[in-house]
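Below is a structure I'd like to ask you about.
Read the figures in this text as sums done on the coordinates, not as results from a lab. On a predicted model such as this, the values are computed, not experimentally measured, just so you know. Heads up, the Cβs are rebuilt from the backbone with ideal geometry, glycines too, and the neighbour counts pull from every protein chain shown.
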Amino acid sequence: MSSHTFQAPTGTRDFYPADAALRRFIIESWRSAAIRHGFEEVDGPTFEHLDLYTVKSGEGIVSELFSFTRVGGEKTYALRPEFTPTLARLYAAKANALPRPTKWFCTPTFFRAEKPQRGRLREFLQWNVDLLGDPSPAADAEVIAACVTLFESLGFTPADLRVKVNHRAALANWFVSRGIPESEHAKLLVLLDQRAKMPAGEFAAKLALYNFTAEQAEVFKKGIIRVTLPERAGEVQVMGQTVERGMLGPAAGSDAFDLSFFSEAVQPLALEFAAAGVLDWVDFDLSIVRGLAYYTGMVFEVHEATGAERAVAGGGRYDNLVELFGGPPTPAVGMGMGDVVLSLVMKDKGLLPDAGRLMELSGQRPDVFVVSNGSPEAEARVRPTVAALRRLGLHARHTYKATRNVGKLLKEAGDARARYAVIIENSESAQLKDLTGGEQRAVRLDELTAGYPTIMQGRGA
RNA sequence: GUGGCCAUAGCUCAGUUGGCAGAGCACGAGGUUGUGAUCCUCGGGGUCGCGGGUUCAAGUCCCGUUGGUCACCCCA
């Protein structure tokens, strides 16, 4: 590379005004959704001791981290690749003083030393929502409800995004019921997680090693099952086909659709999703495994409805993790959502606000744009008027162009999405024009600079 | 970390068998209609990602490198 050219490091992004406005909009959307659901904002350091990450994930994780030692120092640090260890550390340190449940969220930057590809960068934002101290399915539903609130606020519908829910314990119970020892469960979960990456025949053959039939392999491959609510309790549908309770037991002969364990674990969740008003967004999906890591109960991922793009969000219940980081035994459920895939899906669905709208949504819309009619007398009043309006707390702008053509300057004001234009006529009077509606009226300059908000009857106009 | 494809103006791209670096949009200046439009004229801008090589001559062909992108690995 030549010495006079610098590029941003691999997998990082530059944020020009339009990009920064989008980022601000996404962060504010995240914050708003979390706060509406009663979560409180927290944060931690951008880097932690490397040990904090190897405790949970093993030494293998190190190659995925940006880690470093200070020159002359001995301690090894790592830029944070996720928030959960920090969250557990924060919670463990003050567990006795914290309310139950504790509901926290954050929207920080994370770093992973992976090769970038679509939807995955080395520096990104991630919204984390966690609810600690409540083991109930209602807590699971609360986290997902915050997620759904976000989607709704961005303009998504259940036809755009699906929340795919599974239950670790249900799968484990089912495996046990089929005589599969617990020592084999991890390998089996990995196999299920990889189902999409191999031909159906190969997948079925590998499942057969665990005594699953080809029919059951098909069920796993398709994933989605429908769990009905209590008025029809006892019914389970597989791939749209209703299966009677009597058919579910292995004794019934056809145990291809023996999903009773799954059904029992998931029915309480379904009730809570219904109570939270998010059931329309949810599919119960046997194929969602979420790596292995630390999940102990409900797990979920949010995907674009047709399977385009990577997962928009993911999470689940991790009842043993706080203890692992030195805290008291604490049931917990949480989720993470990155800005990269979210932005891609918003773009795919045509839900990205245009540049002007983003400036407005990110709090950068000018209140007033001050121009003169071109006379020297009026021109002299532009800067003092702008200064006075700014002193009143308003976002006031003026042109930097050489032209004094009123039409061109009003176009500039309109392009900037200013709410009002002030056209100064002489040292005493001006026209005040509402750029939204187009009406304008004469005002005295001294009156304007003394009480613009009053004249406008508030800024919301 | 492995492999495929890609790289020309701020953006989207054109550039012929190797022969003077281009368009639209955007940006800036001026003009016209004293009020956001339309229109007209002009202008700034690119070591063709970077470095080598072949050639009289390279944006174009070859090698390397950096970055992007897609798939694999991984996905906390």
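Roughly how many Å is it from the Cα centre of segment A:98-124 to that of segment A:37-72, as a whole number?
Segment A:98-124 and segment A:37-72 have Cα centres spaced 11 Å from each other.
Any lysines with Cα under 23 Å of the A:LYS75 Cα? List them, leaving off those in the same chain fewer than 8 positions away.
Qualifying lysines at Cα under 23 Å: A:LYS56.
Another question, then. Using 0.36 nm per residue, how much length does the chain from A:ASN211 to A:ALA93 gain when fully extended, once their Cα-Cα distance is taken away?
Length gained between A:ASN211 and A:ALA93: 37.9 nm.
Test of understanding: ordering A:ASP130, A:ASP367, A:ASP43 by Cβ neighbours within 10 Å, fewest first, what list do you get?
Ordered by Cβ neighbours within 10 Å, fewest first: A:ASP43, A:ASP367, A:ASP130.
Do you know the relative contact order of chain A, to the nearest whole percent, from alpha carbon pairs under 8 angstrom that are 6+ apart?
15 percent
Order the peptides A:186-199, A:407-420, A:332-345 from the highest to the lowest mean number of other Cβ atoms within 10 Å of their residues.
Averaged packing, sorted descending, gives the order A:332-345, A:407-420, A:186-199.
Using the Karplus curve 6.51 cos²θ - 1.76 cosθ + 1.60 with θ = phi - 60°, what ³J(HN,Hα) values do you get for each residue of segment A:212-218, in whole Hz, with x for Gly and Pro?
For segment A:212-218, the Karplus-derived couplings read 8, 7, 4, 4, 5, 4, 5 Hz, x marking Gly and Pro.
Please compute the length gained on full extension between A:ARG118 and A:ASN405, using 0.36 nm multiplied by the number of residues separating them and subtracting their Cα-Cα distance.
Going from the current span to full extension adds 98.7 nm.
Can you return the aspartates and glutamates within cross-link range of A:LYS206? Criterion is Cα-Cα under 16 Å, with same-chain partners fewer than 8 residues away left out.
A:GLU184, A:ASP193, A:GLU215, A:GLU218
Here is a further query. How big is segment A:366-458 on each of its three principal axes, counting only the C-alpha atoms and giving the largest first in Å?
Result for segment A:366-458: principal-axis Cα extents of 31, 26, 22 Å.
Also: Rank the residues A:HIS303, A:HIS395 as a footprinting-exposure proxy: fewest other Cβ atoms within 10 Å of their Cβ go first.
In increasing order of surrounding Cβ atoms, one gets A:HIS395, A:HIS303.
Starting from the Cα gyration tensor of segment A:1-152, take the square roots of the eigenvalues, sort them a ≥ b ≥ c, and report rounded, prolate or oblate (rounded when a/c is under 1.5, otherwise prolate if a/b is larger than b/c, else oblate).
Because a/c hits 1.5 or more and a/b fails to exceed b/c, segment A:1-152 counts as oblate.
Okay, moving on. Classify chain A as rounded, prolate or oblate from the Cα gyration tensor: take a ≥ b ≥ c as the square roots of its eigenvalues, call it rounded if a/c is under 1.5, otherwise prolate when a/b beats b/c and oblate if not.
prolate
Starting from the Cα-Cα distance between A:GLN431 and A:ARG178, subtract it from 0.36 nm times their residue separation and give me the gain in nm to one decimal.
Between A:GLN431 and A:ARG178, full extension yields an extra 82.9 nm.
Near the amide H of A:ALA332, under 5 Å away, which other amide H atoms are found, from residues 5 or more places off or on another chain, if H is placed in the peptide plane?
A:GLY133, A:TYR318, A:ASP319
Which pairs in the list A:LYS115/A:LYS187; A:LYS115/A:LYS197; A:LYS115/A:LYS164; A:LYS347/A:LYS401 are over 24 Å apart, alpha-carbon to alpha-carbon?
A:LYS115/A:LYS187; A:LYS115/A:LYS164; A:LYS347/A:LYS401
Provide the FRET efficiency to the nearest 0.05 for the A:LEU392-A:ALA442 pair, computing r from the beta carbons and using R0 = 25 Å.
The pair A:LEU392/A:ALA442 has a calculated efficiency of 0.80.
Each residue of segment A:366-377 in turn: what ³J(HN,Hα) in whole Hz from Karplus with 6.51, -1.76, 1.60 and θ = phi - 60°, glycine and Pro shown as x?
Values, residue by residue: x, 7, 8, 10, 9, 10, 10, 7, x, 6, x, 5 Hz.
Using Cα positions and a limit of under 25 Å, work out the lysines in reach of A:LYS408, with same-chain residues fewer than 8 apart set aside.
Straight-distance partners of A:LYS408: A:LYS433.
Report, in deg cm²/dmol and to the nearest 500, the calculated mean residue ellipticity at 222 nm for chain A, where each DSSP H run with n ≥ 4 adds -39500 (n - 2.57) and the sum is divided by the residue count.
Mean residue ellipticity at 222 nm (helix-derived): -11000 deg cm²/dmol.
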